[in-house]
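A quick write-up on the structure given underneath.
The values are calculated or read from the model by the stated rules, or taken from the named source; none is laboratory data. What you see is a predicted model; the values in this text were computed from it and never measured. Every residue, glycine among them, receives a Cβ derived from its backbone with ideal geometry; neighbour counts consider all protein chains shown. SASA here: full protein model, heavy atoms, side chains in, ligands and nucleic acids out. Shrake-Rupley method; radii C 1.70, N 1.55, O 1.52, S 1.80 Å.
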Amino acid sequence: MKRWFGAAALAMMVPAMAQAASNEGVFAVKEAGRQTCETYIAERAEQSQAYVLFLGWIAGYISAHNKLSEETLDITPWQSTRLLASMLNKYCETHGEVLFVRAVGAMLEAFEPTRLRGNPEMVEAKSGDTVIPIYREILRRAQQGLTELGHYRGEHDGLYSPETVEALVAYQREKGIKETGLPDQSTLIRLFK
């Protein structure tokens, strides 16, 4: 494991969480956040223990962002940590010198318009033994997107109905992804582009 995981904190400014920092917008960044995107890419490629710590750091940063941001329940309401890690890898491929904390901050800033507010209801999308818990609002947004693409004709109610399953399957077939009828990561990332 790299020695840098025991390094001291570095003060820096990151707009995504400035309201929780000092009056000057400065806060201490710990551990993986102090590393460069280049280091992140290398550790991810090796699937090292350090990469696992990066994943934990991402999840912790997002949780803190959710807690400290006004009117935000969930900044990443449907994205898994692994999907976010993949998105960060793409960003880091062209921004190797950027500190990881800044890369995560930039990603969350991009997600700001689609964050969830309030206290939305959770529903379950189930197919066979696979159950995906999903915010009803995200399923409603998926129904809306499927309507715009001509796959869904029902009400945008956020319920996992047979019509929703049918529309998801049609969309998955069109995109050449596994036809599960579930609002899974590979389906939503394409649908919400």
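Results, tabulated for the structure shown:
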{"quantity": "Surface share of carbon and sulfur [accessible, 1.4 angstrom probe, percent] for the chain", "calculated": "51"}
{"quantity": "By accessible area with a 1.4 Å probe, ligands and nucleic acids excluded, highest first: order of GLU163, GLU155", "calculated": "GLU155, GLU163"}
{"quantity": "Angle between the chain longest axis and helix 136-148 axis [Cα atoms, degrees, rounded to 10]", "calculated": "60"}
{"quantity": "Sites LYS178 and ALA110, calculated FRET efficiency, Cβ-Cβ separation with R0 22 Å, nearest 0.05", "calculated": "0.25"}
{"quantity": "Nitroxide proxy distance, nm - points 7 Å out along Cα→Cβ at GLU46 and GLU70", "calculated": "4.4"}
{"quantity": "If the convex hull is drawn through the Cα atoms of segment 48-123, its volume per residue in Å³", "calculated": "99"}
{"quantity": "Stokes-Einstein D in µm²/s, Kirkwood radius over Cα pairs - segment 25-86 at 25 °C with 0.890 mPa s viscosity", "calculated": "193"}
{"quantity": "Largest-first principal axis extents of the Cα set of segment 88-127 (Å)", "calculated": "41, 28, 14"}
{"quantity": "Lysine-lysine proximity count for the chain, Cα under 17 Å, sequence distance 8 or more or distinct chains", "calculated": "4"}
{"quantity": "Helix-derived mean residue ellipticity, 222 nm - over the chain, DSSP H n ≥ 4, -39500 (n - 2.57), to 500", "calculated": "-14500 deg cm²/dmol"}
{"quantity": "Share of alpha-carbon pairs per 10 Å distance bin for segment 132-184, given as whole %", "calculated": "29, 60, 10"}
{"quantity": "Viscosity 0.692 mPa s, temperature 37 °C, Stokes-Einstein D of segment 95-154 from Kirkwood C-alpha radius, µm²/s", "calculated": "228"}
{"quantity": "Probe 1.4 Å, accessible area per residue of the chain, Å²", "calculated": "54"}
{"quantity": "Convex hull volume per residue for segment 77-185, taking Cα atoms only, in Å³", "calculated": "126"}
